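Novice: Right, I'll just put the structure down here and ask away after.
Every number in this text was worked out from the coordinates using simple rules, so none of it is lab data. Please read all numbers here as calculations on a predicted model, not as lab measurements.
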Ligand SMILES: C[S@@+](CC[C@H](N)C(=O)[O-])C[C@H]1O[C@@H](n2cnc3c(N)ncnc32)[C@H](O)[C@@H]1O
């Protein structure tokens, strides 16, 4: 069995040991709730080596010592480096069909939606497009959109995407909600201000107490983020989500997330769609 200080890779730019991995694993768990399993060595090495280069450290041990003693703003960079931000427009399309059905059935009112792991923005803009198609572009709805990762939130707030990543956005939606780039921006599309005004972005760490939310939400999207947390952390987050939702509010979760054992909080209403108890 490998000891903590055994060198696992010395042919790489930086020496890599089990102890480096264990320290990073403990730190990201503490700061973001993310549970890294042993299959993640290569990913962690590659992502944190970039931070060593950016901060001028020549070993993981030096970088981690410095981070723990004087990290400051580097903590955010460390977290940003270790999050996985995969997302796309209208991902898990059945959720948007259900959202549309619900909003048509509920009719015009001040719809409040929280997108709690918004990543680079494709998810909240897909929600906003769906809402605008039912209620009109000046309809009453707002999509509060948060993530722990400040870098992806900057991309989200910019609202500029490659057309090739927008295959699930229909031609009609592209015309209605985006401006196509020309010249140097050819191949890109920018979210129109009329849609963007319904969406706001802010940092929120799901594992921290005291979420900066003042609203009670009709609908919460918490998709493909709970998979990174252990069962105890998931339970705590579900209990907090429950507290910020209106009675009978709807919770959308990711395709591989199952909270059927949280029966006192949420009841399953459809495929990965829960209703607040
Ligand atoms: C795989 S993406 C999912 C994005 C989107 N919800 C979707 O389903 O397409 C997971 C997102 O969760 C965010 N995340 C990870 N840990 C978090 C935490 N503790 N609090 C808030 N967001 C977190 C990551 O930064 C990342 O953007």
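Novice: Need the C-alpha centroid separation for region 142-200 versus region 49-89, integer Å.
Specialist: 28 Å
Novice: Okay, next question. With each run of n ≥ 4 DSSP H residues scored as -39500 (n - 2.57), what mean residue ellipticity at 222 nm is computed for the chain after dividing by its residue count and rounding to the nearest 500 deg cm²/dmol?
Specialist: -12000 deg cm²/dmol
Novice: How far is helix 94-106 tilted off the main Cα axis of the chain, in degrees rounded to 10, range 0 to 90?
Specialist: 40 degrees
Novice: Report the per residue volume, in Å³, of the convex hull enclosing the C-alpha atoms of the chain. Show your work: numbers first, answer last.
Specialist: Values: hull volume 42.5 nm³, N = 277.
Considering the Cα atoms of the chain, their hull volume per residue is 153 Å³.
Novice: Note down the relative contact order for region 197-268 as a percent, whole number, built from C-alpha pairs under 8 angstrom at least six residues apart.
Specialist: With pairs under 8 Å counted, the relative contact order is 37 percent.
Novice: Quote the relative contact order of the chain in percent (integer), defining contacts as alpha-carbon pairs under 8 Å separated by 6+ residues. Display every interim value, and only then the final one.
Specialist: Numbers: 420 pairs, mean separation 42.9, N = 277.
Once divided by the residue count of the chain, the mean separation gives 15 percent.
Novice: Once you order the gyration tensor axes a ≥ b ≥ c over the Cα atoms, which shape class does region 7-82 get: rounded for a/c under 1.5, otherwise prolate or oblate by comparing a/b with b/c? Working shown, then result.
Specialist: Numbers: a/c = 1.65, a/b = 1.11, b/c = 1.49.
It comes out oblate by the Cα gyration axes.
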